[in-house]
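Trainee: Could you have a look at this structure, given as structure tokens, before my questions?
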């Protein structure tokens with residue numbers, strides 16, 4: 001018996017080590033978002049936690065006031081808002097789009113905004129419930145009819161300062177006013193929409209838009225914070241740190257997939273069969289198509305260039321040092337820590353040539369293509 005117990009004791013650490021290694025290998029493997037959601041641990045849009053485990057941004061601000069304040073000013077934090085508090089809708093008493101045979105209006109009221117469509121003889125309308133998108137490029141609206149959520153067929157575009165067809169809607173002429181107003185959102189798509197535009201819209205009890213937090217806030221990425229807060233209040237610092245998720249500890253592949261949970265992973269786009277210039281919107285997919293991505297490099301992950309707690313930096317020169325982390329500033333032999341060649345053309349504003357801005361049809365705004373390459377004028381868009 002003693003020998004048997006001793007053998008099991010010796011095998012247990014080895015089994016645990018093998019299990020941990022298998023789990024790490026799974027993390028390091030490029031995966032589609034749905035597969036990630038089934039794996040252990042926290043992941044954006046995961047719904048295995050209890051709603052009571054979420055504490056809200058104010059609790060985070062008790063210890064992380066500066067970081068919270070700057071994050072609350074980012075577009076992510078304003079990825080959604082109740083329509084009644086949408087800045088765009090509150091600034092416009094009326095937004096119209098005249099067309100044949102359908103004309104559209106969004107009219108501000110005392111309690112919010114009403115969205116309507118008319119064929120010249122008849123019209124239907126619905127009060128807007130949610131506005132998705134801050135409006136840097138555009139803003140799309142959700143409404144309900146008979147308890148079902150619908151996506152507005154028309155969205156607001158900043159460059160137009162008006163309405164046009166919502167991205168993803170077919171140009172086919174609607175057959176009736178109901179179709180012209182918008183399209184019903186199936187339950188799975190609805191969960192995904194709210195999962196990426198809000199925080200805690202779904203939990204272990206299912207989808208519940210009545211208890212969500214608008215926008216992408218701390219716990220959308222770091223996971224529910226109740227246990228972390230409780231342990232930190234008890235001054236159990238090390239345990240408290242382990243009780244909250246820190247995405248920066250992920251491997252490069254997993255980290256880009258982490259952001260891709262909403263911005264689309266390579267596998268997500270492959271499964272969608274999203275070809276053509278429209279996939280410039282899916283930055284993780286484009287990044288991983290870069291020649292320099294290889295097996296994954298920490299210097300090329302999303303957060304290597306973008307701090308999710310701060311406003312997006314638009315000045316091209318601000319990214320030069322990131323490029324020079326892999327490419328020498330002057331002609332020199334490649335080295336292990338600088339495997340990229342020196343650019344023979346320039347030494348500043350690297351992204352203007354190697355990450356060109358491309359026009360995405362129907363979006364009325366350019367997107368920075370995150371497929372790092374030598375971009376030549378007139379060449380076709382590399383899928």
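The values are calculated or read from the model by the stated rules, or taken from the named source; none is laboratory data. These numbers were taken from a predicted model, which means no experiment stands behind them. FYI the Cβ positions are ideal-geometry reconstructions off the backbone, even for glycines, and counts take in every protein chain you see.
Trainee: Return the residues of the stretch 126-154 that are surrounded by 13 or more Cβ atoms within 10 Å (Cβ to Cβ), assigned to a loop (DSSP other than H, G, I, E, B) and under 20 Å from the mean Cα position of the chain (by Cα); say none if nothing qualifies.
Mentor: Listed by number, the residues that qualify are 133, 134, 135, 137.
Rundown of residues vs (1) surrounded by 16 or more Cβ atoms within 10 Å (Cβ to Cβ); (2) in contact with a helix residue (DSSP H, G or I) (Cβ under 6 Å, 6 or more places away or on another chain), yes/no style:
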| position | (1), (2) |
| --- | --- |
| 307 | no, no |
| 312 | no, no |
| 319 | yes, yes |
| 341 | no, no |
| 349 | no, yes |
| 366 | no, no |
| 376 | no, no |
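Trainee: Could you check how many residues of the stretch 340-383 are under 20 Å from residue 306 (Cα atoms) and outside any loop (DSSP other than H, G, I, E, B)?
Mentor: 10
Trainee: If you don't mind, another one. Give the number of residues within the stretch 93-102 that are in a loop (DSSP other than H, G, I, E, B) and in contact with a strand residue (DSSP E or B) (Cβ under 7 Å, 6 or more places away or on another chain). Quick ask: steps written out before the conclusion?
Mentor: The initial filter retains those residues of the stretch 93-102 that are in a loop (DSSP other than H, G, I, E, B), namely 93, 98-102.
If we keep only those that are in contact with a strand residue (DSSP E or B) (Cβ under 7 Å, 6 or more places away or on another chain) as well, we get 93, 102.
Within the stretch 93-102, residues that are in a loop (DSSP other than H, G, I, E, B) and in contact with a strand residue (DSSP E or B) (Cβ under 7 Å, 6 or more places away or on another chain) number 2.
Trainee: Would you point out the residue of the stretch 155-187, among those that are in contact with a helix residue (DSSP H, G or I) (Cβ under 9 Å, 6 or more places away or on another chain) and surrounded by 12 or more Cβ atoms within 10 Å (Cβ to Cβ), that is farthest from residue 81 (Cα to Cα)?
Mentor: Per the criteria, the residue is 174.
Trainee: Is at least one residue of the stretch 157-165 in a helix (DSSP H, G or I) and farther than 21 Å from residue 45 by Cβ? It would help to see each step written out before you state the result.
Mentor: Keep residues of the stretch 157-165 that are in a helix (DSSP H, G or I), which gives none.
No - not one qualifying residue is present in the stretch 157-165.
Trainee: Still on this structure, please answer the following. Which numbered condition trips up residue 121, out of (1) crowded, with 20+ Cβ neighbours inside 10 Å; (2) in a loop (DSSP other than H, G, I, E, B); (3) modelled with pLDDT of 95 or more?
Mentor: Among (1) crowded, with 20+ Cβ neighbours inside 10 Å; (2) in a loop (DSSP other than H, G, I, E, B); (3) modelled with pLDDT of 95 or more, residue 121 violates only (1).
Trainee: Out of the stretch 367-383, which residues are free of Cβ contacts under 8 Å to residues at least 12 places away in the same chain and touching a strand residue (DSSP E or B) at 6+ places or on another chain (Cβ under 8 Å)? First the steps, then the outcome.
Mentor: Taking the stretch 367-383 as the starting set, the residues that turn out to be free of Cβ contacts under 8 Å to residues at least 12 places away in the same chain are 376-380.
Once the filter is applied, which keeps residues that are free of Cβ contacts under 8 Å to residues at least 12 places away in the same chain and touching a strand residue (DSSP E or B) at 6+ places or on another chain (Cβ under 8 Å), the stretch 367-383 yields nothing.
Trainee: Confirm whether residue 72 is modelled with pLDDT of 95 or more and surrounded by 13 or more Cβ atoms within 10 Å (Cβ to Cβ). First the steps, then the outcome.
Mentor: Numbers: modelled with pLDDT of 95 or more: yes; surrounded by 13 or more Cβ atoms within 10 Å (Cβ to Cβ): yes.
Here the answer is yes, as residue 72 does meet what is asked.
Trainee: Might you let me know whether the stretch 93-101 holds any residue that is surrounded by 16 or more Cβ atoms within 10 Å (Cβ to Cβ) and in the same structural domain as residue 135 (by TED's automatic domain parsing)? Lay out the reasoning, then the answer.
Mentor: First, the residues of the stretch 93-101 that are surrounded by 16 or more Cβ atoms within 10 Å (Cβ to Cβ): 95, 97.
Subsequent filtering for residues that are in the same structural domain as residue 135 (by TED's automatic domain parsing) retains 95, 97.
Yes, the stretch 93-101 contains a residue that is surrounded by 16 or more Cβ atoms within 10 Å (Cβ to Cβ) and in the same structural domain as residue 135 (by TED's automatic domain parsing).
Trainee: Give the number of residues within the stretch 188-204 that are in a loop (DSSP other than H, G, I, E, B) and either in contact with a helix residue (DSSP H, G or I) (Cβ under 7 Å, 6 or more places away or on another chain) or without any contact (Cβ under 8 Å) to a residue 40 or more places away in the chain (or both). Before the answer, list the steps.
Mentor: Within the stretch 188-204, the first condition is being in a loop (DSSP other than H, G, I, E, B), and the residues that meet it are 200-201, 204.
Adding the requirement that they be either in contact with a helix residue (DSSP H, G or I) (Cβ under 7 Å, 6 or more places away or on another chain) or without any contact (Cβ under 8 Å) to a residue 40 or more places away in the chain (or both) leaves 200-201.
Result for the stretch 188-204: 2.
Each row is one residue, and each column tells you yes or no for (1) at pLDDT 95 or above; (2) touching a strand residue (DSSP E or B) at 6+ places or on another chain (Cβ under 8 Å); (3) loosely packed, with under 15 Cβ neighbours inside 10 Å.
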site	(1), (2), (3)
5	no, no, yes
12	no, no, yes
27	no, no, no
65	yes, no, yes
68	yes, no, no
79	yes, yes, no
